[in-house]
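Here is the structure we will look at.
What follows draws every value from the coordinates through simple rules; no lab data is involved. None of the values given here were measured: they were computed from a predicted structure. With ideal geometry, Cβ positions are generated from the backbone for all residues, glycine too; neighbour counts draw on all protein chains shown.
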Amino acid sequence: MSDAIKKRMLDALPRYYYESKEAVNLIERESAEFDRLNGDIRDVLDQFFVGTATWSLPRWETIVGVKTDVNKTLEQRRSIVKAKLRGTGTVTLAVLESIADAFFTDVKAEEEPRKYTVVIVVGGIPPNLYDAYVALRELAPAHVDVVLAPMPREAVEVVDEVTVSLKRYHTIGELRVGYTIGKDKREVAL
């Protein structure tokens, strides 16, 4: 890139400067500095977009209310921020699909209204599967269950064990004096 800048700068000067060592040396130094400045400008511009942010990612995480976890890769952290940004407004099937798309390569959401379930068929299993499930669960209505299902062609390999706590609540009709709101609690190991 520096050579292109150098050529443009030399083209703007009269020809007799081409033979001056001082002028050529000055143009070489300035073109290198302009190249460095252009790189810095591109880097700052990249920070304005979640998909390319690097050193500004903690700021994006603060904006969307996510705790910064430096143990996760930049891609994993970006997908969490993207999911938070996409999950605003009314939660529809398209919104849940968009959130899942921030984590997975190939996504298709399907409703099962009689079961109060949304099945999200995904391609590929990301390293931050738990974060994907938490993001979807946070935004889905409380009465709708979210199920992540692999595409038929995908082989599922469980690397870590994840324990999910499930808590059920009494409906208004079931509540009686002395009852607690919680009905039962169970843990499922995945």
Counting other C-beta atoms within 10 Å, which of V64, V177 has the fewest, and how do the rest follow? V177, V64
Report, in degrees rounded to the nearest 10, the 0 to 90 angle that the Cα long axis of helix 129-139 makes with the longest principal axis of the chain. 70 degrees
Sort the chain into rounded, prolate or oblate with this rule: let a ≥ b ≥ c be the square roots of the eigenvalues of the Cα gyration tensor; rounded if a/c is under 1.5, and if a/c is not under 1.5, prolate when a/b is larger than b/c, oblate otherwise. prolate
If you count the DSSP beta bridges with both ends in the range 53-157, what percent of them are antiparallel, to the nearest 5? 55 percent
Lysine pairs with alpha-carbon atoms under 28 Å apart, the chain, spacing 8 or more or separate chains: 21
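Once R0 is set to 41 Å, what does the formula 1/(1 + (r/R0)^6) return for the Cβ-Cβ distance between K7 and T54, expressed as a FRET efficiency to the nearest 0.05?
Details: r = 31 Å, r/R0 = 0.75.
That pair, K7 with T54, gives E of 0.85.
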In terms of the alpha carbon gyration tensor, root eigenvalues a ≥ b ≥ c, rounded if a/c is under 1.5 and otherwise prolate when a/b exceeds b/c or oblate, the range 53-157 is oblate
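Nearest 20 debye, what's the magnitude of the dipole of the chain about its Cα centre given +1 on Lys and Arg Cβ and -1 on Asp and Glu Cβ? If you can, show how the numbers build up before the last one.
Values: 27 positive and 30 negative charges, 131 e Å.
My answer is approximately 640 debye.
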Let's test the formula: R0 of 30 Å, r as the Cβ-Cβ distance of R137 and D46. What FRET efficiency results, to the nearest 0.05? 0.45
Structure-based [θ]222 nm, the chain - -39500 (n - 2.57) summed over DSSP H runs of at least 4, per residue, nearest 500: -13000 deg cm²/dmol
